[in-house]
Structures are given as C-alpha cells and as structure tokens.
Amino acid sequence: MATDVHGPVSPQVSPTSHAVRVEGLSRSFDGRAVIDDLRLDIRPGEFVALLGRSGCGKSTLLRILAGLDRDIRGTVLVPRRKAVAFQAPRLMPWKKVWRNVLLGLPGKPERAVAEKALEEVGLDHRTDAWPKTLSGGEAQRASLARALVREPDLLLLDEPFGALDALTRIKAQRLVGELWLRRGCAVLLVTHDVEEAVLLADRVLVMDDGVIAHEQTVDLDRPRDIADPRFAELRAGLLERLGVDTAAEAA
Ligand SMILES: Nc1ncnc2c1ncn2[C@@H]1O[C@H](COP(=O)(O)OP(=O)(O)O)[C@@H](O)[C@H]1O
Ligand SMILES: [Mg+2]
C-alpha cells in the first residue's frame, strides 16, 4: 500500500501490513501536550472506533492522520488514498451537490463519478440539488459521497452522525457499516457514542491523557444485536473506562 509519511522521523517498518502506523506521536498547543507519545496501529480493512471525553484530542489525532496538521513529533504512516468526513458536512453552498462531491479531486473528473458515489449513499435523486435544500441526513450522505470518490484505503470520520436525529443516525450508521463491508477500506470513526462504537467497530479505542489508554476488541458477528447480552457487557465495560457510572445511569 502506498504511504505518506508525516513528520520528521522515517518509518522503521514495512507499511504494507498496516493502514495506519503511528509511533511516538506528540502534538502540543501553547506548550501543552494534547497528544503525548501516542502509538496506534490499524490494519488494512479494519474498522476502529475512537472514544474519549470531549477535549481529549480525538479530532487533533484525526486531523493529523488526514494530513491537515503536520506540526507534530513522531512517525505517522497513512495510505496515500485517504478521505475524511466531519460532523458538519462542509458543503459549498454555491455548488450543486454533484460538484461538491467532486470538489478537490485531481484532474477533471466527470459527473458520472459523482453520480456513482451518490448512488452508493442513496442520494442519486439529489445530484442536482443545492446544498441548502438538503436535510441534515442528506448533507451527511453527500459528505460521505465526497469521501468515497477518493477511493480511500483509509476513511476518517469525525463524529459524522453527531448532529443527526435518532432515526437518521441509525440509518447513517447502517450505511457506513455497509460501505465499509463493500469497500474494504480501513475506517477510523471518532464518536462519543459507545453503542455506535460497539455496533460498528472491530476494535474500540479509548483516548485519555494524550494516548490510547484502553482498547477493546469487539468479537461479535455482524449485523450486531444491541439486545445481545455480550453487547451490553462490552458497552458497560467501555462506559466504565470512560468514567461513566453505569449503576448510577440505570438508577
Ligand atoms: N488549533 C488549536 N489551537 C489551540 N488548541 C487547540 C487547537 N486544536 C485543539 N486544541 C485543544 O486541544 C485539545 C483537544 O482538542 P480536540 O482534539 O478537538 O478534542 P476532541 O476532539 O477529543 O474533543 C482541546 O483542549 C483543544 O482546546
Ligand atoms: Mg472532536
């Protein structure tokens, strides 16, 4: 797999066995280390969810992996083909949906490329729509389509469902699960929703104090059933790690 190297340290390991390889990563803001000697490996095709309290550095890590922040120390190896989608869909209001999907792609990509991606996310009927006429869920689908046209080996998602209502959120989660199965790319999903993490991921990470403080493999068959007692067990264990008292929650 082709790789980009961020940061001053050369990679020591063959990149082909990893979609992401991060070693000794540090990032400070105003002298305060938000990421502090962090290590992270993601296998090709692996779905990883990243949890952690607000402000712990999840978005900072994601931006670094996306190549949007290079003011770092350490080694960061990521695939050349990567794409990112944020909580806010960030569509350009003066461009129709299909043009937004192609935004920033090299060369002169054809409309058909956008149409195919829009079809994949169930938004082909909105190809010629203006962004302001889209619902929240539709805008998020457009944002996903924009990520997909890059044919990423690594898909980075920063709380992509955070602003959606409950039902739209469930549909969007299902869509991402399907896309991942079909595309076979590695996914790093930042979320504050433990249930979402256990529902979708092969492995759930908890970030704290600038490092990956905990990781939990999710060894449940897909599609997953939140009524499965093992699901509840994993969920409770992660909530405890996050410092949420589940007994108090239930009371
Ligand atoms: N560009 C920046 N300048 C200064 N501080 C920042 C910047 N980006 C993030 N931070 C700080 O880094 C910490 C981690 O932020 P962030 O990665 O957005 O957290 P999370 O996504 O986990 O909520 C926060 O304290 C935030 O204020
Ligand atoms: Mg964030």
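The values are calculated or read from the model by the stated rules, or taken from the named source; none is laboratory data. Not measured: the values here are computed from a predicted model. FYI the Cβ positions are ideal-geometry reconstructions off the backbone, even for glycines, and counts take in every protein chain you see. Ligands, DNA and RNA are excluded from the accessible area calculation, which covers all protein heavy atoms including side chains. Shrake-Rupley method; radii C 1.70, N 1.55, O 1.52, S 1.80 Å.
At least 1 residues being farther than 25 Å from residue 83 by Cα is the threshold, and among the helices (runs of 4 or more DSSP H) wholly inside region 179-251 those reaching it are 229-241, 246-250. Between 61, 118, the distinction of being within 15 Å of ligand 2 (Cβ to nearest atom) and either assigned to a loop (DSSP other than H, G, I, E, B) or under 30 Å from residue 195 (Cβ atoms) (or both) belongs to 61 only.
Among the residues of region 89-104, not a single one is within 13 Å of the chain's Cα centre (by Cα), at positive phi and within 16 Å of ligand 2 (Cβ to nearest atom).
Could you tell me whether residue 197 is in contact with a Ser or Thr (Cβ under 6 Å, 6 or more places away or on another chain) and within 20 Å of residue 56 (Cα to Cα)? When the stated conditions are applied, residue 197 passes them. Quick check on my filter: what residues within region 73-88 are more than 16 Å from ligand 2 (Cβ to nearest atom) and open to solvent by 20 Å² or more (accessible area, probe 1.4 Å)? Those that are more than 16 Å from ligand 2 (Cβ to nearest atom) and open to solvent by 20 Å² or more (accessible area, probe 1.4 Å): 73, 80, 81, 82. Whenever a residue of region 53-72 is more than 10 Å from residue 158 (Cβ to Cβ) and of a type outside the set (A, V, I, L, M), its partners that are open to solvent by 30 Å² or more (accessible area, probe 1.4 Å) and within 11 Å of ligand 2 (Cβ to nearest atom), lying with C-beta atoms within less than 8 angstrom and at least six residues away or across chains, give the pairs 54/192; 69/63. Where the second residue is open to solvent by 10 Å² or more (accessible area, probe 1.4 Å) and the first is on the phi > 0 side of the Ramachandran plot and lies in region 173-201, which pairs have Cβ atoms under 7 Å and are six or more apart or on separate chains? Pairs that qualify, where the first residue is on the phi > 0 side of the Ramachandran plot and the partner is open to solvent by 10 Å² or more (accessible area, probe 1.4 Å), are 184/45.
Mind counting the residues in region 142-170 that are β-branched (Val, Ile, Thr) and assigned to a helix (DSSP H, G or I)?
Of the residues in region 142-170, 2 are β-branched (Val, Ile, Thr) and assigned to a helix (DSSP H, G or I).
For region 45-58, the tally of residues that are surrounded by 17 or more Cβ atoms within 10 Å (Cβ to Cβ) and either assigned to a strand (DSSP E or B) or within 8 Å of ligand 1 (Cβ to nearest atom) (or both) stands at 9.
Taking the criterion of being surrounded by 20 or more Cβ atoms within 10 Å (Cβ to Cβ) and within 16 Å of ligand 1 (Cβ to nearest atom), the residues of region 165-195 that qualify are 188, 189, 190, 191, 194.
When we screen 139, 83 for residues that are more than 30 Å from residue 23 (Cβ to Cβ), among the small types (Gly, Ala, Ser), touching a residue at least 24 places away in the same chain (Cβ under 8 Å) and not in a loop (DSSP other than H, G, I, E, B), the only hit is 139. In region 202-224, of all residues being charged (D, E, K, R), more than 16 Å from residue 240 (Cα to Cα) and free of Cβ contacts under 8 Å to residues at least 40 places away in the same chain, the one that is least open to solvent (accessible area, probe 1.4 Å) corresponds to 224. Consider region 105-144 and keep the residues that are within 22 Å of the chain's Cα centre (by Cα) and open to solvent by 70 Å² or more (accessible area, probe 1.4 Å). The one that is farthest from residue 164 (Cα to Cα) is 116.
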